[in-house]
Amino acid sequence: MFATPPILLVLGLLAQAELAPPEMEPVPPSSAPEGTPGTVTPVSPEIVPALPEPESPIKLGFRAGAEFRNSADITPKVGYAFSPFFQYQVLQLAQRLGLAARAEFTFSRFSKLVTVPADPSRGINEDYQDDRTLSVFDFAALAVATLRLGPVLPWFGAGVGLTMANFSSPEAAYLPGDWSCTRLSLLGAFGLDVKVKNGVQLGLHFEYRGLINQPKFVPAGGEALTPLGDRLGLQAAVMYQL
């Protein structure tokens, strides 16, 4: 009869323990599914692609190759030429088209080995060989448009120049043996350049140069000749983008 209250007290405590809700263990943020209340989903920083570094607008170049004349009155049609040049990009459109100004100097030479016969009246006692030459110096300014197709850079240009030519021959038929002229010229050019690495480019250039007023040379024989004529250059080029 005295043991009844303690038994009832124990049974009541057990019933309360069964009715109490179990405690929830907190879910670590790393393992909790997205959208679970009370959890914070880490946000990855937005990845922005790096923009390519802008190229220098300055390009230095040197080219050398063959040059062809459309007149062969005196000197051969084929000669050699070399040309250093400087180019500065003025404007770039839509990352594809670049507009630039170019300044260039070109030296061309046409030469032929000839035999000068003996002529005592001129102080020549025996035959000898010497060169009949045509040397040409050109200074020109061009506007150049370049299409950017990845590493391949096709371009075309046009401009004006100043041409200075000198003809020299020891032969009696071309006395006085020396003739010079200075003329304005018009230029048309195109080419294909390829980027190699570290700013170095290689290219193949074509250039047509025509004189505004074709000069004539009248030697002692009296027949007017055209020593200069228009010229077409085909040259290999190496360039460096600063």
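Every read-out reported here was derived from the displayed coordinates using simple, explicitly stated rules and does not represent laboratory data. Since we're looking at a predicted model, the values are computed, not measured. Glycine gets a Cβ as well: all are built from the backbone with ideal geometry, and neighbour counts include every protein chain shown.
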Exercise. Can you list the lysines whose alpha carbon sits under 21 Å from that of residue 112, skipping same-chain ones fewer than 8 residues off?
Worked result: 77, 216
Seminar exercise, completed: Cα pairs beyond 25 Å in the stretch 58-241, in percent, come to 43
Exercise. For residue 197, which lysines qualify as cross-link partners when the Cα separation must be under 21 Å and same-chain residues fewer than eight apart are set aside?
Worked result: 59
Seminar exercise, completed: Share of Cα-Cα pairs in the stretch 101-153 beyond 13 Å, whole percent, is 75
For this session: For residue 112 and residue 141, compute 0.36 nm times the residue count separating them, minus their Cα-Cα distance, and round to one decimal in nm.
Result: 7.4 nm
For this session: Taking 7 Å along the Cα-to-C-beta vector as the label spot, tell me the residue 238-residue 206 distance in nanometres, rounded to one decimal.
Result: 2.5
